[in-house]
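See structure below.
Laboratory data are not the source of any read-out in this text; all were calculated from the coordinates shown. Treat the numbers as computed from the prediction; the structure is a model and nothing was measured. Ideal geometry is used to build each Cβ from the backbone, glycine not excepted, and the neighbour counts take in all protein chains shown.
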Amino acid sequence: MGKFFAVVLVLVAVLSAYPIIGNYFPLPEDISTHGHLIDSQLHDTMLEAGVAFIGAQLVLAYFLFAFTGRKSDAPLKNFPGGAKLMVIAAFLLVGTEVLALGAFGQKAWATVYFTAPKADALQIQSQAEQFAFYFRYPGPDGKFGAIHPDKIDEGNQNYFGLDPANDVDARDDIVSGELVVPVNREVNLMLHAKDFGHSFYVRELRIQQDFVPGLDLAVHFTATKVGKYEIVCTQLCGLGHYNMKAYLNVKSQDDYDKWLKEQSQ
Amino acid sequence: MASTVAPAVQSAPRLGSRNGAVPVSFVGSSADRASRSGIWVGIFAISMSFAAFSSALFVRQGTPDWTHIVMPSVLYLNTLLLLASGVTLEISRRSLTAATLIESDHARRARIWLLATFALGIAFCAGQYIAWQQLRAAGFYLATNPNSSFFYVLTFIHVLHVLVGVAAIVYLLGRLMASHSTFRRSLFENTAVYWHFIGVLWIYLFLLCLVKL
Amino acid sequence: MHETSVEPVHVHAPPQGFWRKHVFSLDHKVIGKQYYALALVAVFTGMFLSWLMRIHMVWPDAKIHGLELLSKNGAPGGVMTPEYYLSLLTMHGTLMVFFVLTNAPFAAFGNYFLPIQIGAEDMAFPRFNMMSFWTTFLAWFVLMLAFVIPDGPPIAGWTEYTPLSAVGRDAGPGMQWGASLWGISIAIFCIASLLGALNFIATTLDLRAKGMTLMRMPLCTWAWFITSCIALLAFAVLLPACILLILDRHAGTSFFIPGGLVASDRLQPHSGGSPLLWQHLFWFFGHPEVYIAILPSMGIVSHILINSMRKPLLSAKVVIYSMMSIGFLSYMVWGHHMFVSGMNPLSSLTFSFPTLTITIPATILTLIWLGSLYGARIQLTSASLFAIGFISMFVSGGISGFFLAQPSLDIYLHGTYFVVGHFHMVMGVASLFGVFAGTYFWFPKMTGRYMNETIGKLHFWITFIGTYLIFMPMHYLGLIGNVRRYQSFVDDYMSPYLWLHKDMTVAALITGAAQFLFLYNVIYSRFKGAPAPENPWNCTSLEWSIPSPPPWNNFGDRHPIVYHDPYQYGVKGSQGDFVMQDSPEQIIASGD
């Protein structure tokens, strides 16, 4: 049975690694400026993880193959180096790769979180609610009107609770169910939760950020390719969570300007 | 192969009655050591819980809607009552340490001071209730503002723990009555440790409320 | 053969009468079995729920006959509603994490064997012990009530993030009384666990037999002891969190609910609370909790591995220190569940480093287990198969954690099936393998009968292969961005991968069915299994020096004296290639 176990382990190692090596589950195309940092870090981690995973399963397989079914008087041996070697190996191997990935891998994190958006980044506000995303553009005056939760009226499509009658800034705000952005232009997306926790996730943008009720959060990105991409909610928010999505529509600058003009009318 | 040893005497420190078992000096059976460990472990866990409440308070305090409440004046009296109860308990405990028989003078003194501790403990609890009344009279209920919420929660949970201590004291008082022939000191020692902890905890909470709320 | 010393004072009187013997027993062995029975009920319930979930995920409109009996509102005509899927998901997680993974490896086996392995007659506080089981039972009962109330169980997941879990019915179905029952149940569970942990710690510190120094305790005892220290602090924090949540829900306070929220078209009457506060409190408990789930299994697996390889580990001391460091570090990493939660991004980095560092003791353990197998004489039994399988599973599950520990990668992988695959492999499989191994190993001691080895081995192979087939694909799905906690996959990018979900469902159903082999084996062998001697595995620890099943006070009227560490294998003993811990015979090396 030990030999059989060894064979099963080898199969486990090979069959688990195969879909990765064969790239049968490829990452979605990267349309962001920082995504390549995440992708290369993922690649490096996968390589090290793969070596560790396959290595461990194969070593286990070999030991099972060699040391099961032995006679009761077969000599017992100790692994040369003993526990000391294992401790040193753990510290060196793991310690170094862990620290390396930990230290160098923060570039992607820093790019997303520690660099402020440029002064001329396009300001868009997003509101997440059960079970939809809405997006608000400040309009020609460049200012967002205030949000009044008591004025929210889904029936009349006043999702943000704007008060254009009394609030000048709100009069030219554009509300859309789609996040339309121009290509190659930095966007600063402000995140506002209307009711519960939600999360903004666009795979191709390599962006994910929770909407936290009561907190003013923002995430900035630059989309580098025209196209339509799914925005999905990744924070459990109620029964419609599975269906809560919107589209990121990246247009050329001209198309974007055209769209914006249409919305203003 | 099994070695045989003469049966050992009861090693738990005990008080005896005039015609009861002859008590021996404190040796410490494993059961008593375990109960002492148990009390300290329990104290550690309770401290951790209050640490969690405290950290929740600190986080909550950082928000813009934090307003201050006025400390109910009776709290100062309550603090004195609880501290006094710690003193009376100590007097009781030391009397008990000196006692060897339940009918002795030392034991009687221990009983009296224990009764005083009980009274002060109950007075503290009553005083906390009055504190809540005072706060309600000033318009601060549980949900009025985050400040009052924490005050009620912290003081209520603390009172629950005080009542556990009071129950232990009542049990001890019962055991110290002359009708029983033996009495385990370790129970008293552990109750004392617990009661002093509750006192120290109150000082912390009192100062916390004073400074933060 | 067994040296003894005499110590006075029995911890409690011998049990008389049916109720004292079998129901409200003070005997740690009975209590251990009660915990195990509760865990069995919980695990089969949880497994059944996962079947329902997996079936629904691939066939969302399927009519599941009989489901409407479980919930009229949740599954009208047998077709599961999206909210009911989330209810089942919540109950699955809650039952499995609390009532299975904390109960079985820790409370059940720990209660049964820790006192015996240290040479004690019972736990330090038998009455508290009985109370802690029945309090756990009460917690389970309160939780299960959520199934019978009309609105159903809560839908916010076992993590019950606020404000979804705090505002009440406006959050959705099940979020009124269902969520309250959850909060009350878990608060009761906290109290039960605190009592239990207290017992374990006091017992380990003070009731060890003569000669049983801390370093001579078996590795599983060490694991239970370290786990109880972790549990003491972790549950002491969850309890306040649950209390504050219940107050938010019912007393109008705003610990976790900010102002200005509009849910179900109603402006919520709260203000100023912090959803992140709940996450911090919850995960401060939640992360140590997962180590509470895995550490006992690590100890059990080590113990069984040594016995089946007939040689000690490369260093028991290093294993003990590694387990201790894991326990210590487990308190510094909770923020890795919150990398993209909106907390300070700098905090995310500071949480990442201890998370990555925990890899070191985990690797040390793995390398020691692997390295110890070299040159051994491995005997494969159902118990040792699961123990060795644990190593494979722990490697697989642990390595995926390495990805998630890096905030940059977590940006992409958070909230996807990569996470689901990771925690199921370490907790749902590896930890459970420790429980299976322990069951096969200790069953003869607990009942005086062997379990059926053929069925046991079949159970192992189906489970080992089956769980790889279920949970390994989840990592691939995570890589393409498959979001978790979805009742079905309606996103465009998911359609090319739905076939994989179907495969996983089939694997889950088959693997789940194999668990009934285990259940049958346990029940049948209890009554009809082949009789087992006192020490069927030629094991060295103290539990194997007493009759099977043990008498009510474990060692009878004697109290053992311990002479050696618990892993004297590969030596020339009077009974074979081992020397028992309480045997005064000298250790003579085997000369090879």
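Distance from the Cα centroid of segment C:388-446 to that of segment A:209-245 is 29 Å (rounded to whole angstrom). Considering only C:Gly573, C:Met504, C:Trp334, and ranking their Cα positions along the charge dipole of the protein assembly as shown that arises from unit charges at the beta-carbon of Lys, Arg, Asp and Glu, the one farthest toward the positive end is C:Gly573. The modelled label-to-label distance between C:Lys72 and A:Leu92, using points 7 Å beyond Cα along the C-beta direction, is 7.0 nm. Two tests apply to each whole DSSP H helix in chain A, Cα reach of 15 Å or more along its axis and mean Kyte-Doolittle hydropathy of at least 1.6, and the ones passing both are A:2-21.
For segment C:345-441, the relative contact order comes to 39 percent (Cα pairs under 8 Å, sequence separation of at least 6). In units of the compact-protein estimate 2.2 N^0.38 Å, segment C:368-447 shows a Cα radius of gyration of 1.37. Cross-link partners for A:Lys225 among the aspartates and glutamates, with Cα-Cα distance under 19 Å and sequence neighbours closer than 8 places in the same chain left out: A:Glu29, A:Asp30, A:Asp39, A:Glu178, A:Glu186, A:Glu204, A:Asp254, A:Asp255, A:Asp257, C:Asp492. Here the spin labels are modelled as points 7 Å beyond Cα on the Cα-Cβ line, and at C:Trp19 and C:Leu267 they lie 5.7 nm apart.
For segment A:122-264, a crude dipole built from +1 on the beta carbon of Lys and Arg and -1 on the beta carbon of Asp and Glu, taken about the Cα centre, is about 540 debye to the nearest 20. Name the residue from A:Gln127, A:Gln157, A:Tyr256 whose Cα lies farthest towards the positive end of the charge dipole of segment A:122-264, charges +1 on Cβ of Lys and Arg and -1 on Cβ of Asp and Glu. Positive-end residue among those listed: A:Tyr256. Semi-axes of the equivalent ellipsoid for chain C, computed as √(5λ) from the eigenvalues of its C-alpha gyration tensor and ordered from largest down, come to 41, 26, 24 Å. Per residue, the Cα convex hull of segment B:97-213 amounts to 97 Å³.
Working from Cα pairs under 8 Å separated by at least six residues, relative contact order for segment B:71-212 is 31 percent. Multiplying the residue separation of C:Tyr520 and C:Tyr321 by 0.36 nm and subtracting their alpha-carbon distance yields 67.8 nm.
Stokes-Einstein D for segment A:122-264 at 25 °C, 0.890 mPa s, Kirkwood Rh over Cα pairs, in µm²/s? Display every interim value, and only then the final one.
Working: Rh = 15.3 Å.
Taking Rh from Cα pairs, D becomes 160 µm²/s.
Report the relative contact order of chain A, percent, no decimals, based on alpha-carbon pairs under 8 angstrom and at least 6 residues apart.
The normalised contact order for chain A reaches 19 percent.
The alpha-carbon positions of segment A:1-160 define a convex hull whose volume is 235 Å³ per residue.
All other residues with a Cβ under 13 Å from the Cβ of B:Ile39 taken together, and with Lys, Arg as +1 and Asp, Glu as -1, what is their net charge? Intermediate results must be reported in sequence, preceding the final value.
On the way: positive: B:Arg33, B:Arg36; negative: B:Asp32, B:Glu189, C:Asp206.
Computed value for this residue: -1.
The charge dipole of chain A, taken about its Cα centre with unit charges on the Cβ of Lys, Arg, Asp and Glu (plus for the first two, minus for the last two), comes to roughly 1580 debye. Counting only residues at least eight positions apart within a chain, or on another chain, the aspartates and glutamates with an alpha carbon under 18 Å from that of C:Lys63 are C:Glu83. Straight-distance candidates among the aspartates and glutamates for linking to C:Lys210, with alpha-carbon spacing under 17 Å and chain neighbours fewer than 8 residues away dropped: B:Asp32, C:Glu3, C:Glu7, C:Glu121, C:Asp122, C:Glu543, C:Asp557, C:Asp565, C:Asp582, C:Glu585.
About the centre of its Cα atoms, chain C shows a dipole size close to 680 debye [charges on the beta carbon of Lys, Arg (+1) and Asp, Glu (-1) only; nearest 20 debye]. The distance from the alpha carbon centre of segment B:145-197 to that of segment C:12-88 is 39 Å, rounded to a whole number.
What per residue convex hull volume, in Å³, comes out for the protein assembly as shown when only alpha-carbon positions are used?
Values: hull volume 182.0 nm³, N = 1070.
Enclosed volume per residue, from the Cα hull, is 170 Å³.
Here the spin labels are modelled as points 7 Å beyond Cα on the Cα-Cβ line, and at A:Phe4 and A:Glu178 they lie 5.9 nm apart.
Along the axis of the charge dipole computed for chain C (Cβ charges of +1 for Lys and Arg, -1 for Asp and Glu, origin at the Cα centre), the listed residues C:Ser297, C:Trp442, C:Ala42 are led at the positive end by C:Trp442.
Take the cross-link list A:Lys118/A:Lys194; C:Lys33/C:Lys528; A:Lys228/A:Lys258; A:Lys228/A:Lys251; A:Lys84/C:Lys317; A:Lys151/A:Lys245 and give me the ones stretching past 20 Å between alpha-carbons. Spell out each step's value before the answer.
Numbers: A:Lys118/A:Lys194 27 Å; C:Lys33/C:Lys528 18 Å; A:Lys228/A:Lys258 17 Å; A:Lys228/A:Lys251 9 Å; A:Lys84/C:Lys317 11 Å; A:Lys151/A:Lys245 24 Å.
From A:Lys118/A:Lys194; C:Lys33/C:Lys528; A:Lys228/A:Lys258; A:Lys228/A:Lys251; A:Lys84/C:Lys317; A:Lys151/A:Lys245, over 20 Å: A:Lys118/A:Lys194; A:Lys151/A:Lys245.
Taking 0.36 nm per residue of separation and subtracting the current Cα-Cα distance, fully stretching the chain between B:Ala123 and B:Leu210 would add 29.2 nm. The mean number of partner chain beta-carbon atoms within 10 angstrom of a residue's beta-carbon across peptide C:381-387 is 1. Averaged over peptide A:40-53, the number of partner chain Cβ atoms lying within 10 Å of each residue's Cβ comes to 3.
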